[in-house]
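Here, each number is a calculation from the coordinates, and none is a lab measurement. Keep in mind the model is a prediction, meaning the values are calculated, not measured. Cβ atoms come from the backbone with ideal geometry, glycine included; neighbour counts cover every protein chain shown.
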Amino acid sequence: MRVFQDENGERWVASVGERPGDDYKGRFYFHMRPQSGAEEEGVSLIDVRWNSLETAERTLQTMSVEELRRRLGSARGRVALLW
């Protein structure tokens with residue numbers, strides 16, 4: 001889990017989500033939510049996937065803030081397209 005600020009200064013929590021089921025391939029993905037908000041207010045970026053929790057968490061911990069912001073923007077854009 002990582003806390004970072006978006007381009008507007010809002011604090012977000014980036015974490016790893018897990019898709020349930022027996023298939024472990026690509027089971028873990030990025031999930032981001034406002035720090036002050038509920039889990040349901042978050043956005044997931046499910047096209048970025050990992051097979052293990054350890055790899056997903058290591059990737060999250062080594063990402064730059066700029067990369068986290070970029071991925072947040074991408075996830076927000078995709079959610080907006082669904083509405």
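Of the candidates 56, 14, 38, which one comes out as most mobile in a Gaussian network treatment of the chain with C-alpha springs shorter than 10 Å?
In the Gaussian network model the winner is 38.
For 65, 48, which order do you get if you count the other beta carbons within 10 Å of each Cβ and list the fewest first?
Neighbour counts put them in this order, fewest first: 65, 48.
How far apart, in nm, are the 7 Å Cα→Cβ label points at residue 53 and residue 3?
Distance between label points: 2.2 nm.
Kindly give the semi-axes, whole Å and largest first, of the ellipsoid equivalent to the chain, taking each as the square root of 5 times a Cα gyration tensor eigenvalue.
Taking √(5λ) for each eigenvalue gives 21, 15, 11 Å, largest first.
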